[in-house]
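Down below is the structure, laid out as structure tokens.
The values are calculated or read from the model by the stated rules, or taken from the named source; none is laboratory data. Please read all numbers here as calculations on a predicted model, not as lab measurements. We place every Cβ from the backbone using ideal geometry, glycine too, and count neighbours over all the protein chains shown. Keep in mind that these areas ignore ligands, DNA and RNA; they rest on the heavy atoms of the full protein, side chains included. Shrake-Rupley method; radii C 1.70, N 1.55, O 1.52, S 1.80 Å.
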Amino acid sequence: MPVENELEKATADVERNIKMKLLERDMTQAELSRLLNINRQQVNQAIKGDNSPKAIEIRKKIYRVLDM
């Protein structure tokens, strides 16, 4: 599998896993962003797989909050 396909699959897996955890906790992305005190658009970009250093740091916070 070409590297690009693997990257796309990993990105989709991360997004799916975070969204499943949000559903399990009956939590919206807006609620998550308020809890983290981070702009909702930044949280959305991090969940969608943005790989900027800021998005990676936000994902780490999301993982902690959602016990991932």
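Taking Lys61 as the residue in question, decide whether it is surrounded by fewer than 16 Cβ atoms within 10 Å (Cβ to Cβ), in contact (Cβ under 8 Å) with a residue 12 or more places away in the chain and of a type in the set (Lys, Arg). If you could, list the steps in order and put the result at the bottom.
Numbers: surrounded by fewer than 16 Cβ atoms within 10 Å (Cβ to Cβ): no; in contact (Cβ under 8 Å) with a residue 12 or more places away in the chain: yes; of a type in the set (Lys, Arg): yes.
Against the criterion (surrounded by fewer than 16 Cβ atoms within 10 Å (Cβ to Cβ), in contact (Cβ under 8 Å) with a residue 12 or more places away in the chain and of a type in the set (Lys, Arg)), Lys61 does not qualify.
Residues in region 16-42 that are open to solvent by 70 Å² or more (accessible area, probe 1.4 Å) and either in contact (Cβ under 8 Å) with a residue 40 or more places away in the chain or in contact with a Gly (Cβ under 8 Å, 6 or more places away or on another chain) (or both): Asn17, Arg25. Within region 22-68, can you find the residues that are at positive phi and among the charged types (D, E, K, R)? Hits for region 22-68 are Asp26, Asp67. Under the condition of being at pLDDT 95 or above and among the hydroxyl-bearing types (Ser, Thr, Tyr), the residues counted in region 42-68 number 1.
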